[in-house]
Amino acid sequence: MSEEDDIEASRAPLIEHLVELRSRLIRALAALVVAFFVCFAFAKPLYNFLVWPYDYVIRSMTGKPATMIFTAPQEFFITQIKVAFYGALVIAFPIIAAQIYKFVAPGLYRHERKAFLPYLVATPVFFMFGATLVYFLLPMVLGFFAGMQQTEGDGIKIELLPKVSEYLSLIMGLTFAFGIVFQMPVVLTLLARIGIIDSTLLREKRRWAILVAFIVAAVLTPPDPLSQLSLALPSILLYELTIFAVKWVERKKDVSAEGETPEA
């Protein structure tokens with residue numbers, strides 16, 4: 001077979017892969033678009049749900065509903081679009097992840113597919129754990145900032161009136177930060193599975209992990225000990241759970257290796 005024939009023979013599988021990739025991308029994009037329009041129809045209730053931590057703080061301090069502002073005519077509309085987009089990503093992620101897996105899976109061995117699938121499922125689960133923790137910690141964080149108001153006495157009045165866009169940026173930034181932190185068990189367990197780290201190394205670096213947890217908490221949370229502990233302690237707990245998970249992965253690898261050892 002000539003070189004030109006080899007090129008023609010390899011072109012067909014490439015075209016088939018590109019067609020398959022296009023099909024998967026179209027399905028993922030269609031799921032995202034449909035979810036976006038559904039979320040946009042409920043953008044205001046979704047935003048009100050996100051605002052609950054701030055409203056809870058203000059009601060507990062003043063007994064009145066919270067007030068927020070927007071300073072540009074299009075600001076609240078753009079904010080609703082962002083809310084719909086974030087919501088669409090959450091709703092459509094299982095479909096997007098499934099399309100990615102279905103595209104990659106045919107090129108993997110059976111044991112590789114079995115190893116990859118749990119991490120694909122665990123990633124959004126742990127991210128949602130982090131997002132849920134943020135949601136219920138926000139009243140404490142916002143209470144710290146709201147306590148800086150000057151609304152009593154004869155001096156100048158300084159009142160907290162957050163913009164709708166800035167509040168969304170705050171809560172989405174914290175959600176993303178906590179979600180990334182909560183990916184630690186997934187990432188470290190995956191690294192252990194491919195042999196880059198082991199449980200012994202994680203135990204030896206425990207003190208450094210605790211130090212990093214408190215540094216990250218100090219950067220991502222308000223400067224009060226309670227808020228910092230609220231992020232640092234779950235991070236340390238996740239690290240300890242990761243050590244047990246890595247140890248479990250090592251035991252499974254040892255059992256598999258013994259089963260594959262040929263008899264003399």
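The values are calculated or read from the model by the stated rules, or taken from the named source; none is laboratory data. These figures come from a predicted structure and were not determined experimentally. Note that each Cβ is placed from the backbone with ideal geometry, even for glycine, and that neighbours are counted across all protein chains shown.
Every residue in the stretch 231-242 that is surrounded by fewer than 20 Cβ atoms within 10 Å (Cβ to Cβ), under 9 Å from residue 185 (Cα atoms) and either in contact with a Lys or Arg (Cβ under 6 Å, 6 or more places away or on another chain) or of a type in the set (A, V, I, L, M, F, W, C) (or both), please.
Within the stretch 231-242, just 241 meets the criteria.
What pairs come up if the first residue lies in the stretch 48-69 and is surrounded by 19 or more Cβ atoms within 10 Å (Cβ to Cβ), the second is in a loop (DSSP other than H, G, I, E, B) and among the β-branched types (Val, Ile, Thr), and their beta carbons are under 6 Å apart, counting only those six or more places apart or on different chains?
Final answer for the pair search is none.
Only one of these is modelled with pLDDT of 95 or more, under 28 Å from residue 100 (Cα atoms) and among the β-branched types (Val, Ile, Thr): 33, 19. Name it. Give the derivation first.
Numbers: 19 fails: modelled with pLDDT of 95 or more.
Within the list 33, 19, the selection yields 33.
Would you say residue 178 is at pLDDT 85 or above and within 16 Å of the chain's Cα centre (by Cα)? Walk me through it before giving the result.
On the way: at pLDDT 85 or above: no; within 16 Å of the chain's Cα centre (by Cα): yes.
No; evaluated as a whole, the condition is false for this residue.
Taking the condition touching a residue at least 24 places away in the same chain (Cβ under 8 Å), surrounded by 15 or more Cβ atoms within 10 Å (Cβ to Cβ) and charged (D, E, K, R), does residue 102 pass? Break it down stepwise before answering.
Numbers: touching a residue at least 24 places away in the same chain (Cβ under 8 Å): yes; surrounded by 15 or more Cβ atoms within 10 Å (Cβ to Cβ): no; charged (D, E, K, R): yes.
No; evaluated as a whole, the condition is false for this residue.
Could you look through the stretch 118-149, keep only residues that are aliphatic (A, V, I, L, M), out of contact with any helix residue (DSSP H, G or I) (no Cβ under 7 Å at 6 or more places or on another chain) and within 21 Å of residue 186 (Cα to Cα), and pick out the one that is modelled with the lowest pLDDT?
Going through the stretch 118-149, the residues aliphatic (A, V, I, L, M) turn out to be 120-122, 125, 128, 131, 133-134, 137-138, 140-142, 146, 148.
Restricting the remaining residues to those that are out of contact with any helix residue (DSSP H, G or I) (no Cβ under 7 Å at 6 or more places or on another chain) gives 121, 125, 128, 148.
Checking the rest, the ones that are also within 21 Å of residue 186 (Cα to Cα) come to 121, 125, 128.
Working: 121: 81, 125: 86, 128: 88.
Looking at residues that are aliphatic (A, V, I, L, M), out of contact with any helix residue (DSSP H, G or I) (no Cβ under 7 Å at 6 or more places or on another chain) and within 21 Å of residue 186 (Cα to Cα), I get 121.
Would you point out the residue of the stretch 119-171, among those that are of a type outside the set (A, V, I, L, M, F, W, C), in a helix (DSSP H, G or I) and without any contact (Cβ under 8 Å) to a residue 40 or more places away in the chain, that is nearest to residue 249 (Cα to Cα)?
Residues of the stretch 119-171 that are of a type outside the set (A, V, I, L, M, F, W, C), as a first pass: 119, 123-124, 130, 132, 135, 139, 143, 147, 149-155, 157, 159, 162-163, 165-167, 169.
Retained after the next criterion (residues that are in a helix (DSSP H, G or I)): 119, 123-124, 130, 132, 135, 139, 143, 165-167, 169.
Now restrict to residues that are without any contact (Cβ under 8 Å) to a residue 40 or more places away in the chain: 124, 132, 166, 169.
Working: 124: 21, 132: 28, 166: 43, 169: 38 Å.
By that ranking, first place goes to 124.
Need pairs with beta-carbon distance below 6 Å; first residue over 16 Å from residue 119 (Cα atoms) and within the stretch 231-254, second of a type in the set (Phe, Trp, Tyr); sequence gap 6+ or separate chains.
If the second residue must be of a type in the set (Phe, Trp, Tyr), the pairs left are 232/214.
Does the stretch 185-204 hold any residues that are among the basic types (Lys, Arg) and at pLDDT 85 or above, and which are they? Can you show your working first?
From the stretch 185-204, those among the basic types (Lys, Arg) are 193, 203; that's our starting set.
Result: 203, single match.
Considering only residues that are of a type in the set (A, V, I, L, M), modelled with pLDDT under 80 and over 23 Å from residue 136 (Cβ atoms), which ones fall in the stretch 212-264?
249, 255, 257, 264
If we scan the stretch 88-102, do we find a residue that is among the small types (Gly, Ala, Ser), in a helix (DSSP H, G or I) and in contact with a Cys (Cβ under 7 Å, 6 or more places away or on another chain)? Full working, then the answer.
Our first condition is that a residue be among the small types (Gly, Ala, Ser); within the stretch 88-102, this holds for 88, 92, 97-98.
Now restrict to residues that are in a helix (DSSP H, G or I): 88, 92, 97-98.
With the extra rule that they be in contact with a Cys (Cβ under 7 Å, 6 or more places away or on another chain), the set shrinks to 88.
For the stretch 88-102, residues among the small types (Gly, Ala, Ser), in a helix (DSSP H, G or I) and in contact with a Cys (Cβ under 7 Å, 6 or more places away or on another chain): present.
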